[in-house]
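Okay, so here's the structure we're looking at.
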Amino acid sequence: MPANEADRGKTISYKPLSMSAKEYKAFAKNREPARSVFRNCAIAFLVGGAICLIGQGVQDFFIAAFGMTERQAGNPTVAVMILISVILTCLGVYDKIAQWAGAGTAVPVTGFANSMCSAAIEHRSEGLVLGVGAQMFKLAGSVIVFGVVAAFVIGIIHWLLGIGGQ
Amino acid sequence: MQYLWAFIIGGGICLIGQLLFDVVKLTPAHTMSLLVVAGAVVDGIGWYEPLIKFAGAGATVPITSFGNSLVHGALTELQRDGWIGVITGIFEVTSAGISAAIIFSFLAALVVKPKG
């Protein structure tokens, strides 16, 4: 709900420094819708599209440079995208972009790598086994679990229906 | 031309993700899981391969392709080895992505100090 421009100014000028929690909540709520759903979606579309564009460039590079087929080039492309994402995460750049781009950086496979890498770095202080090893899949784990279960169910359905593969 | 479609389809999948964030109010983990399952189901009915042919990296870079690869591995080995292939084949195609993510993340954790 976009607040009235004039009302906004008043709220600030009356109580600029001392706000109770309740007032702050109202104050913050007034400002929250500044990032509209439409704007978020536009940014997600553009950033996500740009990442896929880079992926397409990497894939075409593998096809041109190593004479791979499109199918063969898929795996090295994903690996390169993950490497780029991990490097950007290490430099702290990826999370900065992610804050702004939302799903645009989270949905591509780079976001998957980012979640693993940042969890690994974050929990490094807890040790290699209990920290890095155990916490790496904190966020990525649900993706793998649900992906595998879904793939298993679909595989079983195909088997029962006797379709086999495609 | 493929670059244009890669941009549009890839961006479109991210847009769906953003709508799930903002409109349906799902957490990122729920959104990602849902997209992976969606990718798996779409491949299960045989529509993901044509999408990859059409949009290239626009279909292979978003996380939905992870679900697609899991199903694809399972179905390929199902065809080749029978029912046991459903279990053995799941990570057949995805292993590159998961291995790369694990290895690079582990190495990164060895050398990089966490930032505030």
Can you compute the modelled spin-label distance between B:Lys113 and A:Ile87, with each label point 7 Å from Cα toward Cβ, in nm? 2.3 nm
Please check which bits of segment B:80-116 a label hung off A:Asp95 would reach, taking the label as a point 7 Å along Cα-to-C-beta and the cut-off as backbone N under 19 Å. B:102, B:104-116
Taking 7 Å along the Cα-to-C-beta vector as the label spot, tell me the B:Ile103-A:Tyr24 distance in nanometres, rounded to one decimal. 4.8 nm
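So what is the relative contact order of segment A:37-161, in percent, for Cα pairs below 8 Å that sit 6 or more residues apart? Each step should come with its number before you reach the end.
Numbers: 98 pairs, mean separation 27.6, N = 125.
So the answer I get is 22 percent.
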Roughly how many nanometres apart are two label points built 7 Å out from the Cα toward the Cβ at B:Ile45 and A:Val145? 2.7 nm
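Can you tell me the dipole magnitude for the protein assembly as shown around its Cα centre, using point charges on the Cβ only (Lys, Arg +1; Asp, Glu -1), in Debye to the nearest 20?
Values: 18 positive and 15 negative charges, 232 e Å.
Computed about the Cα centre, the dipole is about 1120 debye.
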P(r) of chain B in 10 Å steps, Cα pairs, percent per bin? 14, 33, 34, 17, 2, 0
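Hey, got the average number of other protein chain Cβ atoms within 10 angstrom for residues in B:44-53? The partial results should precede the final answer.
Numbers: counts 9, 2, 3, 0, 1, 2, 0, 0, 3, 1.
Averaged over the peptide's residues, the number is 2.
What is the dipole size for segment B:1-108, taken about its Cα centre, with +1 at each Lys and Arg Cβ and -1 at each Asp and Glu Cβ, in debye to the nearest 20?
Details: 3 positive and 6 negative charges, 38 e Å.
The calculated dipole for segment B:1-108 is roughly 180 debye.
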Based on DSSP H runs of at least 4 residues, each adding -39500 (n - 2.57), what is the mean residue ellipticity at 222 nm of the protein assembly as shown after dividing by all its residues, to the nearest 500 deg cm²/dmol? -24000 deg cm²/dmol
Partner aspartates and glutamates whose C-alpha sits under 19 Å from that of A:Lys29, ignoring same-chain residues fewer than 8 away, are A:Glu5, A:Asp7, B:Asp22
Cα-centre dipole for segment A:37-161 with unit charges at Cβ (Lys and Arg positive, Asp and Glu negative), debye to 20: 140 debye
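Since every read-out is calculated from the coordinates, none of them should be taken as a lab result. This one's a predicted model, so the numbers in the text were calculated from it and none came from an experiment. Don't worry about glycine lacking a Cβ; one is built from the backbone with ideal geometry, like all the others, and counts go over all protein chains shown.
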